[in-house]
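Engineer: Quick one: this structure, given as structure tokens, is what I'll be asking you about.
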Amino acid sequence: MQEQYQNTADAAVLSPNKITSICCIGAGYVGGPTMAVMAQKNPDIKVTVVDLNAQRIADWNDADLTKLPIFEPGLDQVVKEARGRNLFFSTDVETAINEAQMIFISVNTPTKTYGSGKGMAADLKYIELCARQIAKVATTDKIVVEKSTLPVKTAQAIKSILNHTGNGVKFQILSNPEFLAEGTAITDLIDPDRVLIGGDQTPEGKQAIQALVDVYATWVPKAQILTTNIWSSELSKLVANAFLAQRVSSINAISELCEATEANVEEVAKAIGMDSRIGSKFLKASVGFGGSCFQKDILNLVYISKSLGLQETADYWEQVIIMNNHQRDRFANKIVQTLYNTVAGKKIAFLGWAFKKDTNDTREAAAIYVGDRLIDEQANISVYDPKVNAKQMQSDLNYLNTRSEDQNKTYLSTESNPYDAVKDSHAIAVLTEWDEFKTYDWQRIYDSMNKPAFVFDGRNLLDTEALESIGFIVNAIGR
Ligand SMILES: NC(=O)C1=CN([C@@H]2O[C@H](COP(=O)(O)OP(=O)(O)OC[C@H]3O[C@@H](n4cnc5c(N)ncnc54)[C@H](O)[C@@H]3O)[C@@H](O)[C@H]2O)C=CC1
Ligand SMILES: O=C(O)[C@H]1O[C@H](OP(=O)(O)OP(=O)(O)OC[C@H]2O[C@@H](n3ccc(=O)[nH]c3=O)[C@H](O)[C@@H]2O)[C@H](O)[C@@H](O)[C@@H]1O
């Protein structure tokens with residue numbers, strides 16, 4: 001192989017064997033949609049997604065497409081087209097690994113909750129388990145692709161595990177981080193800003209990179225497929241999330257300043273966003289960012305920086321998290337203060353629990369933290385979310401360990417109809433920007449509430465003037 005490619009340094013001119021069989025370990029928010037689109041766009045590649053969670057796999061295989069474990073607009077149609085043709089979901093991890101030429105690792109990498117790096121570092125135990133399982137099972141050469149978000153230099157650890165099997169099987173490790181956002185996963189996957197592939201800059205590494213480029217090139221324009229060294233690719237993923245979250249914290253910091261000065265954060269965001277160097281996206285002030293990744297990935301970046309002795313860099317990025325926590329607390333405190341400094345025994349209706357619209361994902365959702373803070377003040381919280389069920393909400397609250405599960409049950413209730421959630425409430429808090437909230441009969445809502453009727457719009461979603469003309473007292477973010 002060395003001789004074959006010794007005269008060229010350009011991966012693009014190499015012609016590796018075509019991939020016909022892919023396995024993905026982890027059938028979650030990333031593994032499921034990513035592989036569904038990959039299979040849809042490559043009907044000649046067999047794609048098998050495996051998971052240890054048998055219920056999750058059963059849900060992916062459910063004939064009723066409304067039962068898929070993940071809600072994403074357009075996902076059902078992609079699954080319908082590819083499932084059973086060249087897309088398969090299975091719990092048989094070992095067979096899928098052995099059959100595949102290319103294995104994506106798409107398992108969870110949460111923040112560590114124990115030991116050194118607790119609360120900051122990424123917990124890589126699931127990644128290591130995957131590497132060990134691949135090492136144990138593989139009998140033919142494999143390309144192993146890091147799809148999960150990982151600390152820079154993780155490929156070294158995976159390589160070390162894989163290269164000590166002693167069975168002669170050769171592995172190439174690639175980094176191919178995923179940039180999809182939940183709620184728009186399918187459009188993001190079909191039309192990505194870029195696909196990033198990092199790998200070793202050896203002939204074998206470049207051949208592996210090219211094999212993955214070819215898989216994406218069936219639907220992504222070549223100019224948008226970026227290849228780098230493996231460490232740049234790993235680090236770029238953390239940096240992309242840090243920059244995105246930093247924009248939200250920046251505008252949220254300004255929202256507090258706006259409230260103190262009678263400036264309007266929406267107007268400020270528009271004014272600065274029209275500067276093409278700043279850009280208009282990701283400048284929406286809110287009750288704080290949520291989701292499984294922003295906080296975890298920034299904490300990871302902070303931890304790596306600290307470990308390398310880069311204290312100023314660590315402190316700089318940590319501030320993004322500090323500001324986000326402050327924004328959530330500020331929102332909860334404002335509710336308490338505005339309701340005459342007590343919410344004890346009062347009913348507060350939450351519209352929305354998911355961390356953003358168009359997803360059923362609630363990980364790190366602002367609603368959980370605001371709810372917890374208000375329950376500390378003995379408020380009764382009544383929630384309506386179009387896609388999140390009562391069990392999930394209770395489990396999110398219980399996970400914080402602030403009080404007993406029975407107490408959480410007493411203070412947090414869930415309604416399947418928004419009008420029931422708001423009935424007899426003292427205030428409504430908008431925690432998620434679901435479009436349907438704008439279409440409600442707000443006069444009917446006003447009539448059913450205690451007076452004065454307050455709205456705390458944590459997403460600047462509703463028409464403040466229209467609500468005020470009905471009689472609501474409205475508090476929005478940064479206005
Ligand atoms: N959720 C998102 O929007 C994005 C997530 N990411 C990254 O992708 C990775 C996965 O995230 P999600 O899909 O959200 O996580 P998830 O928790 O939804 O899915 C992970 C799945 O992996 C399975 N799993 C864990 N260990 C396993 C093993 N040894 N064998 C088989 N299955 C195993 C779990 O049962 C679970 O179903 C994380 O590193 C995350 O940072 C990256 C971009 C977007
Ligand atoms: O690594 C990941 O997990 C993903 O994290 C984010 O995607 P996601 O968390 O799904 O959703 P975003 O649209 O980024 O929103 C994150 C949070 O920020 C909030 N947000 C976003 C934008 C904004 O202007 N204001 C704001 O408050 C959202 O409401 C949400 O709570 C990134 O956008 C993806 O590129 C990345 O792949």
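Engineer: Obtain the nm distance between the two label points defined at Val169 and Glu267 by a simple spin-label model: each point lies 7 Å from its Cα along the Cα-to-C-beta direction.
Structural biologist: In this crude label model, Val169 to Glu267 measures out at 6.4 nm.
Engineer: If you fit an axis through the alpha-carbon atoms of helix 31-41 and take the longest principal axis of the Cα set of the chain, what angle between them do you get, 0 to 90°, nearest 10?
Structural biologist: Its long axis makes an angle of about 60 degrees.
Engineer: Could I ask something else about it? How do the peptides 44-53, 81-90, 353-362 rank, highest first, by the average count of neighbouring beta carbon atoms within 10 Å per residue?
Structural biologist: 353-362, 44-53, 81-90
Engineer: Next question. How large are Rg and Dmax for the stretch 356-420 when calculated on the C-alpha trace, in angstrom?
Structural biologist: Expressed in Å, the Cα Rg and Dmax of the stretch 356-420 come to 11.2, 31.
Engineer: Which value in nm describes the separation of the simple spin-label points at Asp435 and Tyr126, placed 7 Å from the Cα toward the beta carbon?
Structural biologist: Taking the simple label geometry, Asp435 and Tyr126 are separated by 3.1 nm.
Engineer: Ranked highest first by the average count of other Cβ atoms within 10 Å around their residues, in what order do 176-187, 364-375, 211-222 fall?
Structural biologist: Order by mean packing, descending: 364-375, 176-187, 211-222.
Engineer: Only helical DSSP H runs with n ≥ 4 go in: add -39500 (n - 2.57) per run for the chain, normalise by residue count and round the 222 nm mean residue ellipticity to 500 deg cm²/dmol.
Structural biologist: Rounded to the nearest 500, it is -13000 deg cm²/dmol.
Engineer: Would you please calculate the Kirkwood hydrodynamic radius of the stretch 314-389 over all C-alpha pairs and express it in Å, rounded to one decimal?
Structural biologist: 13.4
Engineer: Could you state the principal axis extents of the C-alpha atoms in the chain, from the largest down, to the nearest angstrom?
Structural biologist: Here the Cα extents, ordered largest to smallest, are 80, 50, 43 Å.
Engineer: Still on this structure, I have one more. I need the Debye-formula profile for the stretch 215-327: one equal scatterer per C-alpha, no solvent, reported as log10 I(q)/I(0) at q = 0.13, 0.23 1/Å, two decimals.
Structural biologist: -0.63, -1.21
Engineer: Next question. Give the Rg (one decimal place) followed by the Dmax (whole number) of the stretch 248-312, computed from C-alpha coordinates and expressed in Å.
Structural biologist: 15.0, 43
Engineer: Moving to a separate point now. I need the phi-derived Karplus couplings for the stretch 368-379: 6.51 cos²θ - 1.76 cosθ + 1.60, θ = phi - 60°, integer Hz, Gly and Pro marked x.
Structural biologist: 4, 6, 5, x, 4, 5, 6, 5, 4, 8, 6, 7
Engineer: Determine, from the Cβ-Cβ distance of Ile322 and Asp376 and an R0 of 25 Å, the FRET efficiency 1/(1 + (r/R0)^6), rounded to the nearest 0.05.
Structural biologist: 0.75
Engineer: As I understand it, the value is the acute angle between the Cα axis of helix 390-399 and the longest principal axis of the Cα atoms of the chain; what does it come to in degrees, rounded to 10?
Structural biologist: Its long axis makes an angle of about 80 degrees.
Engineer: Nearest 10 degrees, 0 to 90: what angle lies between the long axis of helix 294-307 and the longest principal axis of the chain (Cα atoms)?
Structural biologist: The two axes meet at around 60 degrees.
Engineer: Please identify every one of the trypsin sites (Lys or Arg not before Pro) in the stretch 109-143 that sits in a loop by DSSP and has no more than 14 other beta carbons within 10 Å of its own beta carbon.
Structural biologist: Counting only loop positions with at most 14 other Cβ atoms within 10 Å, the trypsin sites (Lys or Arg not before Pro) in the stretch 109-143 are Lys118.
Engineer: Quick check on the chain: of the DSSP beta bridges with both residues there, what percent are antiparallel, nearest 5%?
Structural biologist: Antiparallel bridges make up about 5 percent of those DSSP assigns within the chain.
Engineer: Quick one: of Lys222/Lys270; Lys270/Lys347; Lys118/Lys153; Lys142/Lys387; Lys41/Lys270; Lys170/Lys296, which pairs are farther than 28 Å apart, Cα to Cα?
Structural biologist: Pairs exceeding 28 Å: Lys222/Lys270; Lys270/Lys347; Lys142/Lys387; Lys41/Lys270; Lys170/Lys296.
Engineer: In addition: Please find the FRET efficiency linking Arg444 to Glu468, where r is the Cβ-Cβ separation and R0 is fixed at 25 Å, and quote it to the nearest 0.05.
Structural biologist: 0.90
Engineer: Provide the FRET efficiency to the nearest 0.05 for the Glu99-Ser416 pair, computing r from the beta carbons and using R0 = 35 Å.
Structural biologist: The value I calculate is 0.20.
FYI, it's all coordinate maths here, none of it is from the lab. Just so it is clear, the structure is predicted and the values come from calculations on it, not from any experiment. So basically every Cβ, Gly included, is an ideal-geometry build from the backbone, and we count neighbours across all protein chains shown.
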